[in-house]
Each structure stands twice: as structure tokens, then as C-alpha cells.
1. Can you give the percent of C-alpha pairs in the stretch 1-82 whose distance is more than 20 Å?
2. Could you pull out the pairs from Lys79/Lys156; Lys6/Lys80; Lys113/Lys180; Lys156/Lys180 whose alpha carbons sit more than 26 Å apart here?
3. If you average the sequence gap of Cα pairs under 8 Å that are 6 or more apart and divide by the length of the chain, what percent do you get for the contact order?
4. Could you put Glu71, Glu110, Glu101 in order of accessible surface area, largest first, with the 1.4 Å probe and the full protein assembly present?
5. Taking the full set of protein chains and a 1.4 angstrom probe, give the accessible area of Asp221 in square angstrom, rounded to the nearest 10.
6. Could you state the number of Å between the C-alpha centres of the stretch 24-71 and the stretch 170-189?
7. I need two numbers for the chain: Rg to one decimal and Dmax as a whole number, Cα atoms only, in Å.
8. Got the relative contact order for the stretch 120-244 handy, in percent, Cα pairs under 8 Å and 6 or more residues apart?
Amino acid sequence: MLQAIKALLSSLLNSMRDLLPIIVVIAFFQIVVLQQPIPDLIGLITGIILVLFGLTFFIYGLEMGLFPIGESMAHAFAKKGSVTWLLIFAFSLGFGTTVAEPALIAVAAESAKIAAEGGVIDNNEAAKASYASGLRLTVAFSVGLAILIGVLRILKGWPIHYLIIGGYIGVMVMTPFAPKSIIGIAYDSGGVTTSTITVPLVTALGVGLASSIKGRNPMVDGFGLIALASLTPIIFVMAYGMVI
């Protein structure tokens, strides 16, 4: 119990350290550069405290639960020796974590709003909800496929740079043909998918799998899944824009 409290306090101090530069930058530009009082100071302080504790508990929960379960499941699948179930699990993990990604939910909703205002889709709630859901599912499918390919890469020992170079060649080829209204969203979607929920579980899966397979180096083969997960949404979202 005492050890858990110490670990939680350590996580709290680390969160304070991480948030401090952001607070200093905002305060400096608001007070020194803009020379304006901070609006709703009480609300701002309350929000910072909530963010601090939220970030602390989130990171502590990752270290205590998600990282270990990701690695243990990777070890279990490697020991079981079923490639089919491992690939199904990899796809499901990528798809499920991406659908639940808060950053993607926010970007999809904002994209639907802007698309409606710009006349790309009908300006009603049903059309915006359909557009946002389609965007989220497209990105989630692409990330699931990326994790599946990444797991195959670990199993087969494929060099990651060939996959990344080939993927970005595909992005460059598709960009001139994609609708201008979707290109920015497509490029941003690669970043927002690899956020708070996806990264810890996918990283734990890659490292755990590479650690479980003889001849694989966790440092060389265990990482790189996130790079693939950032790449494939760009391609799929541009294709989504072409289709709709």
C-alpha cells in the first residue's frame, strides 16, 4: 500500500513538472505580451487542478494496468503459437483503441461541422453525425490494419523503413487526386489517432511480442507500430474523401 502511494505521488510530481512549462508560457504571453488580465482566473485554476489530477491518475493507471496487460497478452499469444488469433487480436486492438480515442472523436466532430458549413455535406445533425462516424470508422479500420501489418513485420522480421517509405510514396501519389477539403484532415488524422489510449497498448503489444519471439530484439523490432498507425489513416482518409 505504501509503495503504491509513493508511486502515485511520484506520478503527481511528474505531471506537475510536465504541465509547468505550459502554464508558464500561457501566463507570460497573457500578462507580459498581451498585457491583459487572465479571464476567469478561478475557473482556469480549477481546470488546471483537474487536468493535473486527471493526467496523474491516467498515467498511473497506464503503468499499473494497460502496459502490463498489453505485454502479458502478447506473451500469451506468442506462447500459444496461433498466428491467426494474434493477427485478429492486433487488428481488434488497433480498431478498438482508435474508435475510443478522445482526440479522434473531437477532430471528427469538428471536421463534420466545418464540412457542413462549407457545403460539403448537408447542414443537419444526421449528416454531420454520419460524416463524423464514417471518418472515425475509416481511421479505426486503417489503424487496425496498420497494427496487423506491424505484427506481421515483427513475426517476419521485415525492415520497417521499407514499409514507411512505401506508405509515404502512396500518400504523395494520392494527395494531388484527393479533394482539397479532406487533405488537411487526412494528414491530421495520423497524429490524433496515436494519442492517449492507442499508444500505450500498441507499444506494450509490440515490445511484449518482440520480447517473446526468439531472435527478435525489443528495441529494434518492438517499436515502429505507432509509425505505421500514424501513416495508414492519411491514406484511408484521403480515399474516404474521394468516395464521399
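The values are calculated or read from the model by the stated rules, or taken from the named source; none is laboratory data. The shown structure was predicted, so the numbers you read here are calculated from the model rather than taken from an experiment. Please note: Cβ atoms are built from the backbone with ideal geometry, for glycine as well, and neighbour counts cover all protein chains shown. For the accessible areas, the whole protein counts, side chains as well, though only heavy atoms, and no ligand, DNA or RNA atoms are used. Shrake-Rupley method; radii C 1.70, N 1.55, O 1.52, S 1.80 Å.
1. Working: 1799 of 3321 pairs.
Summing the P(r) of the stretch 1-82 above 20 Å gives 54 percent of all pairs.
2. Details: Lys79/Lys156 16 Å; Lys6/Lys80 37 Å; Lys113/Lys180 16 Å; Lys156/Lys180 38 Å.
Lys6/Lys80; Lys156/Lys180, as the Cα separations exceed 26 Å there.
3. On the way: 277 pairs, mean separation 59.5, N = 244.
Taking the mean separation of contacting Cα pairs over the length of the chain, I get 24 percent.
4. Numbers: Glu71 70, Glu110 95, Glu101 0 Å².
Ranked list, largest accessible area first: Glu110, Glu71, Glu101.
5. Its heavy atoms expose roughly 20 Å² to the probe.
6. Going from one Cα centre to the other spans 33 Å.
7. Looking at the chain, its Cα Rg and Dmax stand at 20.9, 64 Å.
8. Working: 130 pairs, mean separation 50.9, N = 125.
It rounds to 41 percent for the stretch 120-244.
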